[in-house]
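One structure is given below, encoded as C-alpha cells.
The values are calculated or read from the model by the stated rules, or taken from the named source; none is laboratory data. On a predicted model such as this, the values are computed, not experimentally measured, just so you know. Here Cβ is always computed from backbone atoms with ideal geometry, including for glycine, and neighbour counts include all displayed protein chains.
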Amino acid sequence: MDIQRIAEEIDACQRSGKEMDKVTISYPSLSVEEAYAIQKGCVQHAIDRGDQLTGWKMGLTSRAKQVSMGVKEPIYGRLTQSMELTEPVLHLEGLIHPRVEPELAFVLKKELGGGEVTPRDVWAATECVLPAIEVIDSRYKNFSFTLVDVIADNASSSKFIVGDQGFSPYTTAWDEVGVSMMKNGEVVQTGAGAAVLGHPVRSVVELVKMLNRDGISIQPGSVVLTGAVTDAVSVSEGDRIAVQFDQLGSLRFRVQA
Ligand code: OOG
Ligand code: MG
C-alpha cells in the first residue's frame, strides 16, 4: 500500500470538494497507524501550500455521534488556519455535504504532552475555553465510513468557528453547560457538555494520550475542539445556524453559495 499516494488522493478531494470511495474498499486491512499516517500526509500537503497547523480536534467523543456514525471509538484530527472562519459566513464552495455540530474549544497556553496527563494538568495548561461550532464534511460518498477511513480523511475536518469571548476554565462547570442548536430559528439539537466523555476536559486528556502514542505533544497557542455535544445537522444554501451556550452567549453564522 502506498500511504503517500492515498494521502494525495484524499488531499485532492479535500481541496476540490470531490467525493471519493472509502479507502477500505481498495485496502480492507488498513490499520489505525496507517490511517493516521495518511492523515498526516494529507495535512502536510496543505502546509506545503502555505497553510499552518493551528490545533487539533477530537471526534466521536459523544454517544450521539458514535451511534449516528456507527463508529465507537474517539479519533483525532488536525486543524489548520484555513479551516477557521473569521466571519460568520460559511461558503459552500469546495464543500460536499457539510454538517454542523456544537462544540467547546480549549486554547492552550503551555505545551501538553506525555502519557500520564490528568485533568489538572490540562487546566494548568489552558488559557481559556470558547464556544465553537465545527463544520464537518466527509469526503466519502454518503458520509459513510469505517474508523480507519474517517481517520485517514482527517476526521472529516472542514471548517470551524469559535466565539469572540474566551472564558476562564475555572468559573464554569463545562459538563453542565447546556447547548441548543437552531437552524433557521428552530431548535434542531440540544445537549450538555457532559455528552463529551463525561466532561470536555477528558477529551483533551484523551487527545494528549493518543498524540503521545504518535510521539506528538500539543504546542502552546493551539486550539482543541473537544468533540460534538450533539449529533450533527446538515446545512445548505441560505440556512442560518445559531448555537446558544447557557451563560456563555451564542454563536451564529449563515450559509452562502
Ligand atoms: C467524524 C468527525 C466527528 C465529532 O465532533 O464527533 C466529530 C464524523 O462524524 O464525520 O467531529
Ligand atoms: Mg466535531
If we keep just the residues of the range 124-151 that are farther than 20 Å from Gln165 by Cβ and assigned to a strand (DSSP E or B), which is farthest from ligand 2 (Cβ to nearest atom)?
Tyr140
Return a yes/no flag: does the range 29-42 have any residue that is part of a strand (DSSP E or B), surrounded by 15 or more Cβ atoms within 10 Å (Cβ to Cβ) and in contact with a Ser or Thr (Cβ under 8 Å, 6 or more places away or on another chain).
no
Return only the number of the condition from (1) touching a Lys or Arg at 6+ places or on another chain (Cβ under 8 Å); (2) part of a helix (DSSP H, G or I); (3) of a type outside the set (Asp, Glu) that Gly221 does not satisfy.
(2)
Looking at (1) closer than 25 Å to Glu8 by Cα; (2) within 14 Å of ligand 2 (Cβ to nearest atom); (3) of a type outside the set (Ser, Thr, Tyr), which is the one condition that is false for Val100?
(1)
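This table checks each residue for (1) within 12 Å of Ser180 (Cα to Cα); (2) modelled with pLDDT of 95 or more; (3) hydroxyl-bearing (Ser, Thr, Tyr); (4) within 16 Å of ligand 2 (Cβ to nearest atom).
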position: Val223; (1), (2), (3), (4): no, yes, no, yes
position: Glu237; (1), (2), (3), (4): no, yes, no, no
position: Phe245; (1), (2), (3), (4): yes, yes, no, yes
position: Gly249; (1), (2), (3), (4): yes, yes, no, no
Residues within the range 152-191 that are in a strand (DSSP E or B), touching a Gly at 6+ places or on another chain (Cβ under 8 Å) and among the hydrophobic types (A, V, I, L, M, F, W, C), tallied:
1
Looking at the range 109-124, can you tell me whether even one residue there is within 16 Å of ligand 1 (Cβ to nearest atom), of a type in the set (Ser, Thr, Tyr) and touching a residue at least 60 places away in the same chain (Cβ under 8 Å)?
no
